[in-house]
Amino acid sequence: MIASIISILMGYDTGVMSGAMLFMEEDLKIKDGEVQVLAGIMNIFALVGSLTAGRVSDWIGRRYTIFLASLIFLLGSILMGLGLDYAMLFSGRCIAGVGVGYALMVAPVYSAEIASPSTRGFITSLPEICISFGILLGYVSNYSLSKLPLMYGWRLMLGIAAVPAVVLAIAILAMPESPRWLVMHGRIKDAKDVLLRVSNTREEAELRLREIKAAAGIDGGCTDDVVHTSSEHRGKGVWKELLLRPIPPVRRILIAAVGIHFFDHATGIEAVVLYSPRIFKKAGITGRSKLLFVTMGVGLTKTVFIFIATFLIDKVGRRPLLLTSLAGMLVFLSGMGFGLTMVEHSEERSAWAFAVVIASLFMFVAFFSTGLGVVAWVYSSEIFPMRLRAQGASLGVAVNRLMNGVISMTFISLYKAITIGGVFFLYAGMAILAWIFCFCCCPETKGRSLEEMEEVF
């Protein structure tokens, strides 16, 4: 739970930005193009953060990487909360983006490495639950603080994120280090102590320790407290093994991890989460308070259905959830495209088209949250071999943030070019490609230990 708190910060910033944009446009007199850049720039810098986070976490440990992420986000939140002008606001978003990149990479990896195979899906889903809860808190903050004077309201919405960043920096002291990272660095006794704390039985702890030692190239019969490990198991030479000379299973793992993160955002969830007030406005809802109130429903739907998915992922499996989720997303993205097209071409307000848009939007969020939204993070954090996991996961997160930034920074321009209904038909086309990809490239991993993943692929 502590490791996942960092994800609340990321989710909060995404959610709060959707409403804060309405106020900062008026206060700072910024244009649509500048709003798009402001919305998406965090994800571009998150890409930078995620690409460096893998190497940093192999160097200083998963635990202290989370601590570093919270400090970076704290600085960004303070700058955004002050927000004296567009440049300061932009700088705060950039700095916070680096912290987001660190958080998105390290929280699922830490969770996967500390969990047992039987509960790994649930525990690795916690960061995604926290992202959704953070988005909901952002929407609630928008609505609650919207009555404050213009110059204070949106700044408080953004700056209040500094509070949980401080709490996290302190709470980190209660977390044990990842046992797999400890073994990678030859600290066998420390790893055993952690496994005894987080396993159900002593026998399970011993079994997990033997598997981890074997994956790290350490003799299973070794009883030394500290041993020397080769540099390849401490994160050196990983990029070469991942990108330049991957063996066939690693190549398939890399394609699966990068592909699932690409489609996580190419299917349009960020457009709905970040620009839902604009979508509702296009559908016919007027008044700032009404827009912000209805938008809270998006955050609530996302949180509830992701919570449901966490209980299904270890029982139903990753693959069935993925394929069912994408099929539902395709149907309701098409529904949103059709409904918004009808609203746009109707001279009078069309009640049935309005109902189609609203129902389709909420159902799209529900289907995304029940499958793709959770599975993408669980899957990419568990499929890489131990020696490649941190930097492999960071590559997946980098693609995720890149696509998030592309969607954030193009949505307004796209709907002006091809209509808002056309944009959602485009996302529906991406959902078809996503279903085909997941069917062909994503085998089931439920119940398999992290050390078995190369065999699975």
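Got at least one residue in region 147-157 being out of contact with any Ser or Thr (no Cβ under 7 Å at 6 or more places or on another chain) and at pLDDT 85 or above?
The answer is yes, given that some residue of region 147-157 is out of contact with any Ser or Thr (no Cβ under 7 Å at 6 or more places or on another chain) and at pLDDT 85 or above.
Which one is most open to solvent (accessible area, probe 1.4 Å) among residues in region 72-106 that are modelled with pLDDT of 85 or more and aromatic (Phe, Trp, Tyr)?
By that ranking, first place goes to Phe90.
I'm trying to understand the selection: among the residues of region 78-119, which are of a type outside the set (A, V, I, L, M, F, W, C), over 17 Å from Ala171 (Cβ atoms) and assigned to a helix (DSSP H, G or I)?
Gly81, Tyr86, Ser91, Gly92, Arg93, Gly97, Gly101, Pro108, Glu113
With the checklist (1) under 30 Å from Glu25 (Cα atoms); (2) at pLDDT 85 or above in hand, flag the one item Pro164 doesn't pass.
Result: Pro164 passes all but (2).
Here's the yes/no breakdown for (1) open to solvent by 50 Å² or more (accessible area, probe 1.4 Å); (2) closer than 30 Å to Thr341 by Cα; (3) touching an Asp or Glu at 6+ places or on another chain (Cβ under 7 Å):
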| site | (1), (2), (3) |
| --- | --- |
| Ser394 | no, no, no |
| Gly422 | no, yes, no |
| Leu426 | yes, yes, no |
| Gly429 | no, yes, no |
| Ile436 | yes, yes, no |
| Glu452 | yes, no, no |
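Search region 53-66 for residues being open to solvent by 10 Å² or more (accessible area, probe 1.4 Å) and touching a Gly at 6+ places or on another chain (Cβ under 8 Å), and hand back the single one that is farthest from Ala87 (Cα to Cα). If you could, list the steps in order and put the result at the bottom.
Initial filter on region 53-66 (open to solvent by 10 Å² or more (accessible area, probe 1.4 Å)): 55-56, 59-60, 63-64.
Subsequent filtering for residues that are touching a Gly at 6+ places or on another chain (Cβ under 8 Å) retains 55, 59.
On the way: Arg55: 30, Trp59: 34 Å.
That would be Trp59.
Are any of the residues in region 372-382 hydroxyl-bearing (Ser, Thr, Tyr), more than 20 Å from Gly101 (Cα to Cα) and either assigned to a loop (DSSP other than H, G, I, E, B) or out of contact with any Pro (no Cβ under 9 Å at 6 or more places or on another chain) (or both)?
No, the conditions are met nowhere in region 372-382.
With the checklist (1) under 19 Å from Gly138 (Cβ atoms); (2) modelled with pLDDT of 85 or more in hand, flag the one item Phe67 doesn't pass.
(1) is the only condition that Phe67 fails.
Please give the number of the condition Lys302 fails out of (1) under 19 Å from the mean Cα position of the chain (by Cα); (2) modelled with pLDDT under 90; (3) open to solvent by 40 Å² or more (accessible area, probe 1.4 Å); (4) not acidic (Asp, Glu).
Unmet condition: (3).
Identify, by number, the condition in (1) of a type in the set (S, T, N, Q); (2) open to solvent by less than 10 Å² (accessible area, probe 1.4 Å); (3) assigned to a helix (DSSP H, G or I) that Thr410 doesn't meet.
Tallying (1) of a type in the set (S, T, N, Q); (2) open to solvent by less than 10 Å² (accessible area, probe 1.4 Å); (3) assigned to a helix (DSSP H, G or I), Thr410 fails exactly one: (2).
From (1) over 22 Å from the mean Cα position of the chain (by Cα); (2) open to solvent by less than 10 Å² (accessible area, probe 1.4 Å), pick out the condition that doesn't hold for Ala351.
Ala351 satisfies every listed condition except (2).
Return the residues of region 442-457 that are in a helix (DSSP H, G or I) and either within 21 Å of the chain's Cα centre (by Cα) or modelled with pLDDT of 95 or more (or both); say none if nothing qualifies.
If the condition is that a residue be in a helix (DSSP H, G or I) and either within 21 Å of the chain's Cα centre (by Cα) or modelled with pLDDT of 95 or more (or both), then Leu450 is the only one that fits.
Looking at region 190-221 only, could you name the residues that are open to solvent by 70 Å² or more (accessible area, probe 1.4 Å), assigned to a helix (DSSP H, G or I) and among the charged types (D, E, K, R)?
Of everything in region 190-221, those that are open to solvent by 70 Å² or more (accessible area, probe 1.4 Å), assigned to a helix (DSSP H, G or I) and among the charged types (D, E, K, R) turn out to be Arg197, Arg202, Glu203, Arg210.
Here is a check on your reading of the model: is Val374 under 17 Å from the mean Cα position of the chain (by Cα) and closer than 18 Å to Val423 by Cα?
Against the criterion (under 17 Å from the mean Cα position of the chain (by Cα) and closer than 18 Å to Val423 by Cα), Val374 does not qualify.
When both residues are 6+ apart or on different chains and their Cβ atoms are under 6 Å apart, which pairs have a first residue that lies in region 4-30 and is more than 17 Å from Leu136 (Cα to Cα), and a second that is crowded, with 24+ Cβ neighbours inside 10 Å?
Within 6 Å, the pairs are Phe23/Trp154; Met24/Trp154.
Is there any pair with a first residue in region 260-285 that is at pLDDT below 90 and a second that is among the hydroxyl-bearing types (Ser, Thr, Tyr) and open to solvent by 10 Å² or more (accessible area, probe 1.4 Å) whose Cβ atoms are under 8 Å apart and which are 6 or more apart or on different chains, and what are they?
Glu270/Thr14; Val273/Thr14; Leu274/Thr14
Taking region 37-52, which residues are within 15 Å of Ser408 (Cβ to Cβ) and either surrounded by 19 or more Cβ atoms within 10 Å (Cβ to Cβ) or within 17 Å of the chain's Cα centre (by Cα) (or both)?
Leu38, Ala39, Gly40, Ile41, Met42, Asn43, Ile44, Phe45, Ala46, Leu47
With the checklist (1) under 27 Å from the mean Cα position of the chain (by Cα); (2) within 29 Å of Ser116 (Cα to Cα); (3) in a helix (DSSP H, G or I); (4) of a type outside the set (Asp, Glu) in hand, flag the one item Pro246 doesn't pass.
With respect to (1) under 27 Å from the mean Cα position of the chain (by Cα); (2) within 29 Å of Ser116 (Cα to Cα); (3) in a helix (DSSP H, G or I); (4) of a type outside the set (Asp, Glu), Pro246 is out only on (3).
Scan region 305-342 for residues that are among the polar types (S, T, N, Q), under 18 Å from Ile260 (Cβ atoms), surrounded by 18 or more Cβ atoms within 10 Å (Cβ to Cβ) and at pLDDT 90 or above and report the count.
1
Among the residues of region 252-299, write down those that are open to solvent by 40 Å² or more (accessible area, probe 1.4 Å), of a type in the set (Phe, Trp, Tyr) and more than 22 Å from Ser325 (Cα to Cα).
Phe293
Just one of Ile44, Ile30 is farther than 14 Å from Pro277 by Cβ and outside any helix (DSSP H, G or I); which is it? So that I can check it myself, show each step before the final result.
Values: Ile44 fails: outside any helix (DSSP H, G or I).
So the residue among Ile44, Ile30 that is farther than 14 Å from Pro277 by Cβ and outside any helix (DSSP H, G or I) is Ile30.
Within region 354-369, can you find the residues that are open to solvent by less than 40 Å² (accessible area, probe 1.4 Å) and without any contact (Cβ under 8 Å) to a residue 40 or more places away in the chain?
So the first thing to find is which residues in region 354-369 are open to solvent by less than 40 Å² (accessible area, probe 1.4 Å), and the list is 357-358, 360-361, 364-366, 368-369.
Passing the criteria: only Ser360.
All but one of (1) in contact (Cβ under 8 Å) with a residue 12 or more places away in the chain; (2) open to solvent by 60 Å² or more (accessible area, probe 1.4 Å) hold for Ile418, so report the exception by its number.
It fails just one condition, (1).
The values are calculated or read from the model by the stated rules, or taken from the named source; none is laboratory data. Predicted model, so just to flag it, every value in this text is computed and none were measured. Reconstructed Cβ throughout: ideal geometry from the backbone, glycine too, with neighbour counts over all protein chains shown. For accessibility, only protein heavy atoms count, side chains too; no ligands or nucleic acids. Shrake-Rupley method; radii C 1.70, N 1.55, O 1.52, S 1.80 Å.
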